[in-house]
1. Would you pick out the residues in segment 16-36 that are within 16 Å of the ligand (Cβ to nearest atom), more than 11 Å from L57 (Cα to Cα), open to solvent by 40 Å² or more (accessible area, probe 1.4 Å) and of a type outside the set (D, E)?
2. Out of everything in segment 76-101 that is open to solvent by less than 20 Å² (accessible area, probe 1.4 Å) and touching a helix residue (DSSP H, G or I) at 6+ places or on another chain (Cβ under 6 Å), what residue ends up being nearest to the ligand (Cβ to nearest atom)?
3. Could we say that V7 is at pLDDT 95 or above, surrounded by fewer than 17 Cβ atoms within 10 Å (Cβ to Cβ) and more than 16 Å from the ligand (Cβ to nearest atom) here?
4. Identify the residue in segment 37-55 that is within 15 Å of Y76 (Cα to Cα) and among the hydroxyl-bearing types (S, T, Y) and, among all such residues, is least open to solvent (accessible area, probe 1.4 Å).
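The values are calculated or read from the model by the stated rules, or taken from the named source; none is laboratory data. Predicted model, so just to flag it, every value in this text is computed and none were measured. We place every Cβ from the backbone using ideal geometry, glycine too, and count neighbours over all the protein chains shown. Calculation scope for accessible area: heavy atoms of the full protein, side chains included, ligands and nucleic acids excluded. Shrake-Rupley method; radii C 1.70, N 1.55, O 1.52, S 1.80 Å.
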Amino acid sequence: EEQEEDVLRELRLFLRNLTERLMLDRRFKAFTKPVDIEEVPDYLIVIQKPMDLSTLLSNIDEHKYVTVNEFMSDAYLIWQNALEYNPDRDPEDRHIRHRACALKDTMRTIIRHELDKDFQRVCEEIRESR
Ligand SMILES: CC(=O)c1nc(NC(=O)[C@H]2CNCCN2)sc1-c1cc(O)cc(O)c1
């Protein structure tokens, strides 16, 4: 009903604000747009489910996420994909892995500090009722 739509609108506002703050952080530039297959032709051979911050933003606007956990499972793909595509001791691999971990940790910290636990529970109850 109307109250449920108000809750989901507030969730989308929070997730949009979080995602936009991450997109502004220079450390996460490599994660802001889908990997360019022209530049990185073997990427789709290695990575089954590509994800990036701009795709998260589109998903939010398409009302894909009813809970924070659903958003986080897509957001974690950015981190997991970077670790999978960059597994070596190569300094460039290490650099991108370090940034991917910083992205994951920053996202989790912002959610822990800024999203009310009761609000998250209300979203989960809406998900279970649908
Ligand atoms: C996002 C990601 O996982 C990514 N990984 C890379 N790894 C490498 O280039 C490693 C691979 N091992 C050998 C040494 N080079 S480049 C890169 C990337 C960075 C961007 O700024 C845009 C973009 O579309 C993709």
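1. L24, R26, R27, K29, A30, P34, V35, listed by residue number.
2. Filtering first and then ranking leaves A82.
3. For V7, the condition - at pLDDT 95 or above, surrounded by fewer than 17 Cβ atoms within 10 Å (Cβ to Cβ) and more than 16 Å from the ligand (Cβ to nearest atom) - is met.
4. Result: S54.
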